[in-house]
1. Counting Lys +1, Arg +1, Asp -1, Glu -1, what net charge surrounds Thr201 among other residues with beta carbon under 11 Å of its beta carbon?
2. Placing unit charges on C-beta atoms (Lys and Arg positive, Asp and Glu negative, everything else neutral), compute the dipole magnitude of segment 123-275 about its Cα centre in debye, rounded to 20.
3. Assuming R0 = 22 Å, what is the FRET efficiency of Glu36 and Tyr159, from their Cβ-Cβ distance, to the nearest 0.05?
4. Under 5 Å between amide hydrogens, which residues at least 5 positions from Glu190 or on another chain qualify, with H placed 1.01 Å from N in the peptide plane?
5. So if each residue of separation counts as 0.36 nm, and I subtract the Cα-Cα distance between Ile52 and Ile185, what length gain in nm does that give?
6. With charges set only on the Cβ (+1 for Lys and Arg, -1 for Asp and Glu), what does the dipole of segment 8-181 come to about its Cα centre, in debye to the nearest 20?
7. Full extension from Leu81 to Arg123: what is 0.36 nm times the residue separation minus their Cα-Cα distance, to one decimal in nm?
8. Using a Cα-Cα cut-off of under 26 Å, which lysines could be cross-linked to Lys273, ignoring same-chain neighbours fewer than 8 residues away?
Amino acid sequence: MSSLGNPAPLGLFAFGMTTAMLMFVDMGWVESEFEEMVTGYAVFLGGVAQLIVAIFELIKGSSFSFAVFGCYGTFWLGWALVVIENHRLTSEFGESGSYPSGKAAWFTQWGILTAAFFVITLRKNKALIVVFALLTTTFFLLAAAAGLENSEVKKVAGYFGFMTALGAFYTGVAELVNEEWGRHILPGLEPIISHERFSITKENILASRCSYDAKTNTLFLRFRGLQIKSIQDVDAIKEGVEQAILNAKAPGNKIHVVVDYEDTVIADTITSKYWTMAAELERSYYLSAKRFHVTSFGTHNRSGGAAPVTATMTNVTDTPRNLEHKLSC
């Protein structure tokens, strides 16, 4: 099982804290010379840290978060380079602020990219929706401020940018807190897409949630969006999966299993019963098991047990690292 943690909080903190520092200047809260200090943090915290996060997100298989952290990491590195060059007496970049139309086009370009990211977040969660909505607004306001050379519009953009930074910081904290406690303590990260209640019976599980690939001897369990609320639901799932395994007629009734738990919800009162049932199935029938692991930024494959033996989560899309372990045989 992979022991790789969730890199997203670092990326969110890096983006949020660097953005907040620059917005202090744009809002007029601090001296304009403070931009020199922002430049240093833009290189290492906003730039390098986010690029490191992007690489780890790519390793974990999350294309969306790789694109987000990669883009904004390079944004901060590029911004810092321009500021550094503009402060050099021999720079060929020209004086700062000497190309308002170019800056307006540049901010507009980033606004369009961020708007595209925002559309994708509509399938994620409320926290990311708020962050990207605010960031999109910030970029377009900065574009207007640069094009019009209007300090008041820039100040408004600064306030929106500061709210963006707060949103990113909150999302990072929420990911850490929820992962540590194993449930949604801080709101906003619950999947935004709600699923209709699926009638859980042995027949329905067998017909629409199980599919067997004889070539690879793999049973695919599509539990995405299931709302498991009663002991009867647990028993029906066990009976349906067991029947699917028997129908496969694999040697010794031993098969590989891939299970999708994205957006799956289990009532707290039957959580222990469910994971005990899952452990029994694995001991009896599974040659190996894989499951999906999801962060606030998206879904990616992760090898490991089909489910932990015990868990206290309501939404089991995410399994905290402290609860993940190999099922006892």
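The numbers here are math on the coordinates, done by the rules we state, and not lab data. These figures come from a predicted structure and were not determined experimentally. Neighbour counts are summed over all protein chains in view; Cβ atoms, including those assigned to glycine, are modelled from backbone coordinates with ideal geometry.
1. Spelling it out: positives minus negatives among the neighbours equals -2.
2. The dipole of segment 123-275 has a size of about 280 debye.
3. Efficiency, from the Cβ-Cβ distance: 0.45.
4. Distant-sequence amide H within range of Glu190: Lys126.
5. Here the answer is 45.1 nm.
6. The dipole of segment 8-181 has a size of about 620 debye.
7. Fully extending the segment from Leu81 to Arg123 adds 11.7 nm.
8. Lys202, Lys229, Lys238, Lys254, Lys290, Lys326
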